[in-house]
Every structure is written in C-alpha cells, then in structure tokens.
Amino acid sequence: MKVIEIFRKIALVIKQKIVISTAALIPLRAYKQILGDAEIYRAMPNICVEINKGFIPICGNKKENAEAIEKILGLLGEVEWVDEDTLDKFTLLSASIPALITEIIDAMELAALELGIPNELSKKAIRNVLIGTAELYREKDLIAIRNDIATPKGITIKLLLNSLRSNVKLSIIDTLINTSKELDNLINYYDKIIKLNL
C-alpha cells in the first residue's frame with residue numbers, strides 16, 4: 001500500500017512531530033505503528049477547501065496541539081472533531097458528495113436548455129439558487145424552507161410530486177446507502193492489506 005510505504009520512508013524525519021494525514025481509510029493505528037511518538041491526526045477535507053468553504057472532519061490519537069490544528073484547518077473551512085469511524089463515513093458524505101451535486105446541477109442545466117433558457121443565464125440562476133438555499137439552510141429547517149415555497153395547487157407542489165413519482169429522493173438515498181456499503185467493504189479490504197503490510 002503506497003501510503004504506508006511513503007510513511008515508512010519518511011518515518012525518521014517526522015517522528016515526534018505533528019502529522020495530519022488526508023489519506024482515506026488508513027487508520028490511526030497504522031500511522032502509530034510506523035511513526036511511534038508522532039502526534040497523529042486524520043482529516044477528510046472536501047474540495048470546497050479550494051475556496052475556504054470546506055467541511056473538515058478530523059480525529060486524532062493525541063489532542064496536545066488540538067487547538068493549533070483546528071486553527072490551521074479552520075482557515076480552509078469548518079472543522080469538526082469526530083471519532084475515526086465517523087471520519088471514514090465522511091469520505092462519502094462530505095468528500096465525495098460534491099461530485100454527486102455536480103451531476104444534479106448538470107441535470108438542471110440540461111433541463112434549462114430544453115426549456116429554452118440560455119446556458120449562461122441558467123448557470124447564473126442555478127448558482128444563486130444553490131448558494132442562497134445553502135445559506136438559508138444554515139438558518140432554517142429544510143422542511144420549513146420547502147413549506148415556505150410550496151403553495152396550494154402551485155407549481156412547486158407539482159414539481160415535488162413529480163420528483164416523488166420519479167423516485168428522485170429515494171434514488172439519492174439508495175445511492176448514498178449502497179455506496180456506503182461499498183465503502184464498508186473498502187474499509188475491511190484496506191484493514192486486511194494494512195495488517196499484512198505492518
């Protein structure tokens with residue numbers, strides 16, 4: 001496993017230092033066995049750190065420098081301390097999900113083209129709707145947002161019912177749950193490989 005090999009090569013240099021790994025699914029105990037006294041953390045940032053809007057779950061086997069670590073990573077977005085099992089789940093829920101969102105956005109853009117809306121205009125509208133809804137989600141419950149938009153016999157309720165009939169919501173839920181099972185299989189596989197390599 002390449003990550004383990006790399007850490008073996010640099011072990012002497014980084015022993016007794018602070019190490020933050022963003023490699024997916026490599027457990028703390030693997031780093032601990034190779035690096036010994038190093039202060040080791042695992043983080044799972046998502047692509048939004050590119051614009052300092054990331055979500056960065058982190059876990060560690062020591063917390064001596066936790067405040068400094070949190071401050072540094074906080075420059076890239078929102079930091080949340082979690083247990084290691086939860087951090088592995090965020091490989092899917094936080095790190096991977098922006099890719100799924102891009103597919104949903106692309107579907108909206110294609111629908112807008114079919115409706116005759118110029119591409120640049122639809123992109124601007126979709127961007128604003130997504131950013132605005134995300135900010136609103138910080139302030140309000142999801143159901144409250146939905147209920148504030150939908151009106152009796154209005155177009156929004158028709159849109160929601162059509163999406164339910166097409167199983168859009170269920171498809172997304174199933175996609176996440178099924179991929180989570182694949183993630184669990186990967187975790188078990190990596191665990192076996194790591195045990196063989198340590």
- line: Per residue convex hull volume, Cα only, segment 2-84, in Å³ is 92
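For the chain, return all DSSP H helices satisfying: extent of Cα atoms along own axis at least 20 Å; mean Kyte-Doolittle hydropathy at least 0.5.
Values: long enough: 97-114 (26 Å, 1.23); 119-139 (30 Å, -0.44); 168-197 (43 Å, 0.03).
Helix filter hits for the chain: 97-114.
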- request: Compute the FRET efficiency between residue 156 and residue 64 as 1/(1 + (r/R0)^6), taking r as their Cβ-Cβ distance and R0 = 45 Å, and round to the nearest 0.05.
  value: 0.30
Percent breakdown of C-alpha pair distances by 5 Å bin, ordered from the shortest bin, for segment 93-178: 3, 11, 15, 23, 28, 16, 4, 0
query: What number, in nm² with one decimal, is the all-direction average of the projected area of the convex hull of the alpha-carbon atoms of segment 36-129?
result: 7.2
Difference of contour (0.36 nm per residue) and Cα-Cα distance, residue 14 to residue 2: 2.6 nm
- prompt: Among the lysines, which fall within straight-line cross-link reach of residue 9, defined as a Cα-Cα distance under 20 Å, with same-chain neighbours fewer than 8 residues apart omitted?
  reply: 17, 32, 195
query: Could you give the length gained on full extension between residue 165 and residue 47, defined as 0.36 nm per residue of separation minus the Cα-Cα distance, in nm?
result: 39.2 nm
task: May I ask you to list the lysines whose Cα is less than 19 Å away from that of residue 53, ignoring any residue fewer than eight positions away on the same chain?
output: 71
message: To make sure I understand the rule: partners must be aspartates and glutamates, Cα under 12 Å from the Cα of residue 89, and not fewer than 8 residues away in the same chain. Which ones qualify?
response: 182, 184
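Between residue 105 and residue 72, what is the FRET efficiency for a Förster distance of 22 Å, r being their Cβ-Cβ separation, to the nearest 0.05?
Taking R0 as 22 Å, the efficiency between residue 105 and residue 72 is 0.10.
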message: Which one, 13, 111, 176, projects farthest toward the positive side of the charge dipole computed for the chain from Cβ point charges (K/R +1, D/E -1)?
response: 13
- line: Per the Kirkwood formula over distinct C-alpha pairs, the hydrodynamic radius of the chain in angstrom is 19.9
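Each value in this text was obtained by applying a stated rule to the coordinates, not by laboratory testing. Worth saying up front: this structure is predicted, and the values here are computed from it rather than measured. Please note: Cβ atoms are built from the backbone with ideal geometry, for glycine as well, and neighbour counts cover all protein chains shown.
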